[in-house]
There are 2 protein chains.
Amino acid sequence: MSKALIIDDEQQMRRLLRMVLESRGYEVCEAADGQLGLQEAAFHRPDVVLLDLGLPGLNGIEVLKRLREWSDVPVLILSVRDQEAIKVEALENGADDYVTKPFGTAELLARLTVIQRRRFTRQSAEIVVGALKLDLLHHEASLDEVPLKLTPTEFALLKVLAEHAGRIVTQNQIIKQVWAGQTSDPSEGLRVHINHLRKKLGETGPRIVNEPGIGYRLEEA
Amino acid sequence: MSKALIIDDEQQMRRLLRMVLESRGYEVCEAADGQLGLQEAAFHRPDVVLLDLGLPGLNGIEVLKRLREWSDVPVLILSVRDQEAIKVEALENGADDYVTKPFGTAELLARLTVIQRRRFTRQSAEIVVGALKLDLLHHEASLDEVPLKLTPTEFALLKVLAEHAGRIVTQNQIIKQVWAGQTSDPSEGLRVHINHLRKKLGETGPRIVNEPGIGYRLEEA
DNA sequence: CCAAGGCGTTAAGAAAGTGTAAAAGCAGCG
DNA sequence: CGCTGCTTTTACACTTTCTTAACGCCTTGG
């Protein structure tokens, strides 16, 4: 049985969600603001979090960031309509999916199931893109079964790209994930590391393609 | 079934609109001036408002502003020809679209459908207009599942248009959103970027239609 | 009919972003 | 201290994108 944590300031919404979730066999706990939400998350270790973006005090994005500092728990965002920018920001900061209020219970449950399963399978300690293999557990990379010697940042960078292989990863997303919580400004250095990676990947492996003004994309060879 | 509120001082016009709308299954209420219009809107909570700009007393723009203080209801402006300045002002004050008198009923109904549809769709960080798909998270665009290569400004521009697909976006609105916080004057360059976008969208996809003196409208193919 | 303004289109220069190399900081370590 | 390996900074050539300007077309109004 799964534990769900609801972080929403509206009592009405919490009650509705609790009903829906409990009818599906979830064990439910609630928090009325971000501060409490983080405490609850730390204490109860939920299997999934439902997070309202329009929180008083600590806002939703902040809660998400703090949560992501120590937890991989799947997070479903509850947002009001027409807030595309905020939704995107939430997804970039590690949210797994979101629904816009008002939502149907069927849809809510479907998305919950999806993100929990995804998170489960994603825990595989390997990422494979064509001939490239990343072993997250041992921090080892190989190309055509030949070990690749990567520095820590190179590995982190390649990991971000490989996780979204075939799709564009924004420079901001890269920087957020590779240089998380650091002070120095990596905006210049990113190009250098990309350069190093390309050399190590050589001609045979996946290519790192630049999308000017936007970011990079790892393409299977 | 939808409720429509007609705010127009000409009885003849109200009668015509009522006929057209009721034949389409709308429930109709009327108001002969702005003051009454606001009262009716508050009381009946219509799903769409048809607002004449040439009202006696409280003028159309004023009514729109007051209405927008507490309601998101879609508003369709009824205006006479050659009032570009006023139309622009209305659109920038939250009107959703307009038709110029005299208008065809087909056009009227089409516009009504478009502006009402908007509020309910949209469930992801994607914007879909016919064959066109914009992925805001990855900054990727595709047409018929074929990737489109867009520059950053092209993407931003198309995003603004697509967000309001089927409706007019004034040049000011476009510029504000695409060139937010920049110093240079893009008023000339807008035409160039529109041109580029049109080429990339080709014949098959949605069309970018110009409304002279006002702005642009993205029309589903 | 002409004149004027808005628009589409094109081309070229300006600006911004990118690839690359080399050197300069910065730890850990013998 | 002087290595060594990694990261960051700096510099500059190169590519892509953006802006600007020019011109012709169409529509509107005299």
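For this structure, a couple of remarks:
- Residue selected from the range B:1-15 under the condition at pLDDT below 95 and among the aliphatic types (A, V, I, L, M), by the criterion least open to solvent (accessible area, probe 1.4 Å): B:M13
- For the range B:136-165, a tally of residues being within 10 Å of chain A (Cβ to nearest Cβ), more than 24 Å from the chain's Cα centre (by Cα) and closer than 15 Å to B:R198 by Cα returns 3.
- Subset of the range A:64-84 [of a type outside the set (D, E), within 14 Å of chain B (Cβ to nearest Cβ) and free of Cβ contacts under 8 Å to residues at least 40 places away in the same chain]: A:L76, A:I77, A:S79, A:V80, A:R81, A:Q83
- Residue satisfying all of: in the range B:195-216; closer than 16 Å to B:P147 by Cβ and assigned to a loop (DSSP other than H, G, I, E, B); nearest to DNA strand C (Cβ to nearest atom) among these: B:G202
- Scope the range A:126-151; condition part of a strand (DSSP E or B) and in contact (Cβ under 8 Å) with a residue 24 or more places away in the chain; matching residues: A:I127, A:V129, A:L132, A:L134, A:L143, A:L148
- Flag for B:I168 being within 16 Å of DNA strand D (Cβ to nearest atom), open to solvent by less than 70 Å² (accessible area, probe 1.4 Å), in contact (Cβ under 8 Å) with a residue 24 or more places away in the chain and not assigned by TED's automatic domain parsing to the domain that holds B:A90: no
- The residues of the range A:64-87 that are open to solvent by less than 20 Å² (accessible area, probe 1.4 Å) and either over 16 Å from the mean Cα position of the chain (by Cα) or farther than 16 Å from A:A180 by Cβ (or both), listed by number, are A:V73, A:P74, A:V75, A:L76, A:I77, A:L78, A:S79, A:E84, A:K87.
- In the range B:152-171, the residues that are touching a Gly at 6+ places or on another chain (Cβ under 8 Å) and part of a helix (DSSP H, G or I): B:P152, B:Q171
- Subset of the range B:176-186 that is part of a loop (DSSP other than H, G, I, E, B) and more than 8 Å from DNA strand D (Cβ to nearest atom) - its residue that is nearest to B:S142 (Cα to Cα): B:A180
- Yes/no for B:E163 being at pLDDT below 95, among the charged types (D, E, K, R) and either within 11 Å of DNA strand C (Cβ to nearest atom) or more than 15 Å from B:L91 (Cβ to Cβ) (or both): no
- The C-beta contact set for the range A:85-101 (first residue more than 20 Å from A:R117 (Cα to Cα) and within 8 Å of another protein chain (Cβ to nearest Cβ), second residue at pLDDT 85 or above and open to solvent by 10 Å² or more (accessible area, probe 1.4 Å), distance under 6 angstrom, 6+ apart or interchain) comprises A:V88/B:L136; A:V88/B:L137.
The values are calculated or read from the model by the stated rules, or taken from the named source; none is laboratory data. None of the values given here were measured: they were computed from a predicted structure. Here Cβ is always computed from backbone atoms with ideal geometry, including for glycine, and neighbour counts include all displayed protein chains. Protein only, heavy atoms only, side chains kept; ligands, DNA and RNA dropped before computing areas. Shrake-Rupley method; radii C 1.70, N 1.55, O 1.52, S 1.80 Å.
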